[in-house]
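The values are calculated or read from the model by the stated rules, or taken from the named source; none is laboratory data. Keep in mind that this is a model prediction, so the values were computed, not measured. Every residue, glycine as well, gets a Cβ built from its backbone with ideal geometry; the counts of neighbours run over all protein chains shown.
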Amino acid sequence: MLEIEYEFREDDLVHFNELRLAQNRDMQKKILHNRMLVPGVMLVFGLFYYVYYVDMVTTAYIALLALAWGIASPFIMKIDMRRQFFNKYTEAEKKALFGLHQLKIEPEFLLEKSPGGKHKTPWADMLRVERHKNYVYIYIAVDAAIVIPRETVKNGDLKAFAKQAETMIERSS
């Protein structure tokens, strides 16, 4: 059967989690709310300060701070979310996640050999295969997937592997 070998890195884990966040409508609403509400409130205070004290310099500082918050907050939140991704994993789990992985398609299951050991995942337990520009995802749950970065594939044909995996998942469902 088909087999591929690839390296899974920290950047690949971050990319998958950021993709999940980008597809999460509730989280996107919270980010937009934070990006617009806080500067809006600051601008209202600045306007009040200008009308009440007639101080254009302080109002300008408040407006610049509100603008800076609106621009910088998504980047700050992204950095914080990356930190939170890595805090979810212990050092032992990180050692088991990152490194050289081998996937082999068997008739009844997908065999994965990784630094964490061997895992057999039945085809019936898998949901779908998604192909993106730089990655292939084999979803084993709604929020969990086997992430295969295209650029780190060492051995095997990723395109044929993904097509065969998709066929096996469709056959078993």
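Assorted remarks:
- Pairs meeting the criteria (first residue in region 149-173 and of a type in the set (A, V, I, L, M, F, W, C), second residue in a helix (DSSP H, G or I), beta carbons under 7 Å, at least 6 apart or on different chains) are Leu158/Arg150; Met168/Trp123; Ile169/Trp123.
- Count of region 16-33 residues which are closer than 16 Å to Asp80 by Cα and either touching a Ser or Thr at 6+ places or on another chain (Cβ under 6 Å) or of a type in the set (Asp, Glu) (or both): 1
- Near pairs, Cβ below 7 angstrom, 6+ apart or cross-chain, from region 11-23 (under 13 Å from His132 (Cβ atoms)) to any residue that is outside any helix (DSSP H, G or I) and modelled with pLDDT under 85: Arg20/Asp143
- Residue in region 114-131 that is on the phi < 0 side of the Ramachandran plot, in contact with a helix residue (DSSP H, G or I) (Cβ under 8 Å, 6 or more places away or on another chain) and polar (S, T, N, Q) present: yes
- A single member of Ile71, Ile4 is more than 20 Å from the chain's Cα centre (by Cα), modelled with pLDDT of 85 or more and either among the small types (Gly, Ala, Ser) or not in a helix (DSSP H, G or I) (or both), and it is Ile4.
- For region 95-131, a tally of residues being in contact (Cβ under 8 Å) with a residue 24 or more places away in the chain and not in a strand (DSSP E or B) returns 8.
- Screening Asp125 against (1) acidic (Asp, Glu); (2) in contact with a strand residue (DSSP E or B) (Cβ under 7 Å, 6 or more places away or on another chain); (3) closer than 17 Å to Phe8 by Cα leaves a single unmet condition, (3).
- Sole exception among (1) surrounded by 12 or more Cβ atoms within 10 Å (Cβ to Cβ); (2) out of contact with any His (no Cβ under 6 Å at 6 or more places or on another chain) for Phe8, by number: (2)
- Applying the criterion of being polar (S, T, N, Q) and part of a helix (DSSP H, G or I) to the residues of region 7-56, the residue that is farthest from the chain's Cα centre (by Cα) is Asn34.
- Residues that are at pLDDT 90 or above, in contact with a helix residue (DSSP H, G or I) (Cβ under 8 Å, 6 or more places away or on another chain) and farther than 20 Å from Glu108 by Cα, drawn from region 134-151: Asn134, Tyr135, Val136, Val147, Ile148, Pro149, Arg150
- Which numbered condition Tyr49 fails, given (1) surrounded by 12 or more Cβ atoms within 10 Å (Cβ to Cβ); (2) modelled with pLDDT of 85 or more: (2)
- Restricting the first member to region 32-47 and to residues that are touching a residue at least 24 places away in the same chain (Cβ under 8 Å) and within 14 Å of Thr58 (Cβ to Cβ), and the second to residues that are surrounded by 12 or more Cβ atoms within 10 Å (Cβ to Cβ) and of a type outside the set (A, V, I, L, M), the beta-carbon pairs closer than 9 Å and six or more apart or on different chains are Met42/Trp69.
- Search result, residues across region 66-92 that are touching a residue at least 12 places away in the same chain (Cβ under 8 Å) and either surrounded by fewer than 15 Cβ atoms within 10 Å (Cβ to Cβ) or within 30 Å of Gly116 (Cβ to Cβ) (or both): Leu67, Pro74, Lys78, Met81, Arg82, Phe85, Phe86
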